[in-house]
1. Residues of the stretch 162-215 being within 11 Å of the ligand (Cβ to nearest atom), over 17 Å from the mean Cα position of the chain (by Cα), open to solvent by 30 Å² or more (accessible area, probe 1.4 Å) and among the aliphatic types (A, V, I, L, M), which ones?
2. For the stretch 128-138, give me each residue that is of a type outside the set (D, E, K, R) and open to solvent by less than 10 Å² (accessible area, probe 1.4 Å).
3. If a residue must be in a loop (DSSP other than H, G, I, E, B) and open to solvent by 30 Å² or more (accessible area, probe 1.4 Å), how many such residues does the stretch 68-87 contain?
4. Could you go through the stretch 88-110 and let me know if any residue there is touching a helix residue (DSSP H, G or I) at 6+ places or on another chain (Cβ under 6 Å), surrounded by fewer than 19 Cβ atoms within 10 Å (Cβ to Cβ) and closer than 27 Å to Gly220 by Cβ.
5. Of all residues in the stretch 150-161 being open to solvent by less than 30 Å² (accessible area, probe 1.4 Å) and farther than 12 Å from Thr121 by Cβ, which is farthest from the ligand (Cβ to nearest atom)?
6. For the stretch 24-67, how many residues meet the condition of being within 7 Å of the ligand (Cβ to nearest atom) and either open to solvent by 20 Å² or more (accessible area, probe 1.4 Å) or part of a loop (DSSP other than H, G, I, E, B) (or both)?
7. Checking the conditions here, which among Leu13, Leu7 is more than 8 Å from the ligand (Cβ to nearest atom), part of a loop (DSSP other than H, G, I, E, B), at pLDDT 95 or above and open to solvent by less than 20 Å² (accessible area, probe 1.4 Å)?
8. So, in the stretch 211-236, how many residues would count as being in contact with a helix residue (DSSP H, G or I) (Cβ under 6 Å, 6 or more places away or on another chain) and over 16 Å from Leu23 (Cα atoms)?
Amino acid sequence: MAISIDLTGKVALVTGSTRGIGLGIAQALASCGARVAVTGRDAAKAAAVAADLPGAQGFGCDVAVPAEVERLVGDVEKAFGSIDILVNNAGITRDNLMLRIKDDDWNAVIDANLRSAFVATRAASRGMMKRRWGRIINITSVVGLMGNKGQANYAASKAGMIGLTKSVAKELGSRNVLCNAIAPGFIATEMTDAMTPEAKAALTGSIPLERLGAVSDVAGAVAWLSSDLAAYVTGQVIVVDGGLAT
Ligand code: NDP
């Protein structure tokens with residue numbers, strides 16, 4: 001049996017794909033032949049990133065605003081004809097100890113990370129169900145499995161994505177729409193650049209593979225879940241963390 005990942009003819013919408021993990025996912029899916037909708041808050045930036053990817057197009061959308069997410073899904077379906085693969089990747093942090101988290105910072109994180117995934121999934125899954133083919137991949141975090149001091153809002157949003165993933169998998173499986181989550185550990189991006197060298201060193205010491213993850217470590221898992229190689233996988237959380245949460 002020959003194995004390769006061929007996504008020719010598939011359309012992928014990757015939220016938050018102007019940089020970091022989302023950009024790596026967009027590049028990986030494009031390299032497998034998918035046409036990718038690159039998105040970020042700034043439409044011009046998304047278009048500039050898309051210009052470097054074959055078959056890609058850029059779209060502006062603030063995922064924290066449900067009406068913008070609904071509009072994005074409609075615009076991408078109009079531009080490409082369908083959405084076959086939805087990657088809910090856009091995410092933010094507003095870290096603080098639980099006692100100090102302001103309501104605004106709680107809501108901002110839940111809206112950008114969790115509600116956005118729900119709204120995008122609800123909108124994009126209609127076409128997937130009709131076509132009897134769809135892949136929804138939610139980028140959660142090991143923090144959603146383990147919790148983390150100073151990240152109660154972020155951890156709650158990421159744990160919520162796991163419940164969303166498992167429920168959607170059960171509701172849409174009969175239509176061949178698969179829904180899985182990927183829980184990265186610490187991946188080297190702008191989000192983790194903010195850590196001090198000391199904090200990074202302490203963290204690396206607790207990772208069995210003794211390094212931060214690379215964007216490509218997560219992108220590879222997304223490509224696999226998007227492909228026919230994962231046609232019998234749904235409702236799962238694939239942990240990509242170098243063994244951190246083991
Ligand atoms: P970055 O901060 O590097 O990139 C975030 C991306 O999301 C950017 O493309 C940004 O686009 C976009 N984005 C942020 N807010 C919004 C918004 N309101 N509307 C639309 N787009 C938005 O993050 P990472 O690449 O590190 O993280 C990507 C995902 O992976 C997140 O969900 C994060 O929680 C998760 N993750 C990351 C880990 C890590 O160690 N880095 C570990 C575990 C999970 P723009 O600024 O152009 O709008």
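The values are calculated or read from the model by the stated rules, or taken from the named source; none is laboratory data. What you see is a predicted model; the values in this text were computed from it and never measured. Reconstructed Cβ throughout: ideal geometry from the backbone, glycine too, with neighbour counts over all protein chains shown. Remember, those area values only see protein heavy atoms, side chains included, never the ligands or the DNA or RNA. Shrake-Rupley method; radii C 1.70, N 1.55, O 1.52, S 1.80 Å.
1. Result: Ala194, Met195, Leu212.
2. First, the residues of the stretch 128-138 that are of a type outside the set (D, E, K, R): 128-129, 133-134, 136-138.
Listed by number, the residues that qualify are Met128, Gly134, Ile136, Ile137, Asn138.
3. Narrowing the stretch 68-87 to residues in a loop (DSSP other than H, G, I, E, B): 81-84.
The next check asks that each one be open to solvent by 30 Å² or more (accessible area, probe 1.4 Å); those that pass are 81.
Total meeting the criteria: 1.
4. Yes, the stretch 88-110 contains a residue that is touching a helix residue (DSSP H, G or I) at 6+ places or on another chain (Cβ under 6 Å), surrounded by fewer than 19 Cβ atoms within 10 Å (Cβ to Cβ) and closer than 27 Å to Gly220 by Cβ.
5. Applying the first criterion (open to solvent by less than 30 Å² (accessible area, probe 1.4 Å)) to the stretch 150-161 yields 150-151, 153-155, 157-158, 160-161.
Okay, now just the ones that are also farther than 12 Å from Thr121 by Cβ, so 150-151, 153-155, 157-158, 160.
Values: Gly150: 14, Gln151: 10, Asn153: 12, Tyr154: 7, Ala155: 11, Ser157: 8, Lys158: 7, Gly160: 12 Å.
Within the stretch 150-161, the match that is farthest from the ligand (Cβ to nearest atom) is Gly150.
6. So the count comes out to 7.
7. Details: Leu13 fails: part of a loop (DSSP other than H, G, I, E, B).
Sole residue among the options that is more than 8 Å from the ligand (Cβ to nearest atom), part of a loop (DSSP other than H, G, I, E, B), at pLDDT 95 or above and open to solvent by less than 20 Å² (accessible area, probe 1.4 Å): Leu7.
8. 4
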